[in-house]
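S.K.: If you scroll down you'll find the structure; I have some questions about it.
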Amino acid sequence: SLITTQKGWRMKVFTDEITIAADPDTIWATLIDGARYPTWNPEVVKVDGAFARGVTLTMYRNKEPRRSPVTVAEFQPGQKLVLTSSGGMPSSLVKAKHTFTLTPAGGSGTRVAQRLEFGGMMAATLGRSIPDQSAAMREVNEALKAVVEA
């Protein structure tokens with residue numbers, strides 16, 4: 001969906017949630033283990049770098065763009081991981097913000113919510129060309145659930 005930010009820019013947002021039968025720390029361990037991404041994440045074939053606040057990783061994806069520098073903007077163990085990237089010249093033209101939020105869901109379950117935002121000065125114009133990311137996010141959530149619950 002398209003929403004308008006405080007700066008008056010339009011932003012495209014996609015979300016997906018899943019409940020995983022594991023505690024947040026167990027899910028977190030998988031979520032920040034870049035070396036394991038190729039074994040479970042259908043979107044990523046390789047991660048160079050270690051997940052830590054302020055670090056810029058390189059994610060190699062199975063679709064365009066194939067190589068993406070991604071900055072770890074927030075790193076709250078067992079709770080929240082925010083990855084940001086930008087493109088275009090200047091870099092503020094299009095910005096992506098990918099958030100994973102882990103919330104205890106009672107019992108031994110955890111709700112994992114993904115939110116993917118595309119914003120920046122050109123987001124409204126370029127937003128029309130950004131394909132729906134809902135199915136890909138669902139796939140990642142289901143793959144995360146499968147590997148954690150295995």
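The values are calculated or read from the model by the stated rules, or taken from the named source; none is laboratory data. Note that this is a predicted model, so its numbers are computed, not measured. Cβ coordinates were reconstructed from backbone atoms using ideal geometry, including for glycine residues, and neighbour counts include every protein chain displayed. All accessible areas refer to the heavy atoms of the entire protein, side chains included, with ligands and DNA or RNA removed. Shrake-Rupley method; radii C 1.70, N 1.55, O 1.52, S 1.80 Å.
S.K.: How big is the accessible area of Arg138 in square angstrom, nearest 10, if you roll a 1.4 angstrom probe over the protein chains?
M.R.: 80 Å²
S.K.: With a 1.4 Å probe and all protein chains in place, put Val55, Val47 in order of accessible area, largest first. Walk me through the numbers before you get to the answer.
M.R.: Working: Val55 45, Val47 20 Å².
The ranking, largest first, comes out as Val55, Val47.
S.K.: Could I have the simple spin-label model distance between Gln76 and Glu139, label points 7 Å from Cα toward Cβ, reported in nm to one decimal?
M.R.: So the label points at Gln76 and Glu139 sit 3.0 nm apart.
S.K.: Would you list which lysines come within 21 Å of Lys145, measuring only between C-alpha atoms, while excluding same-chain residues fewer than 8 positions from it?
M.R.: Within the straight-line limit of under 21 Å, Lys145 reaches these lysines: Lys46, Lys80.
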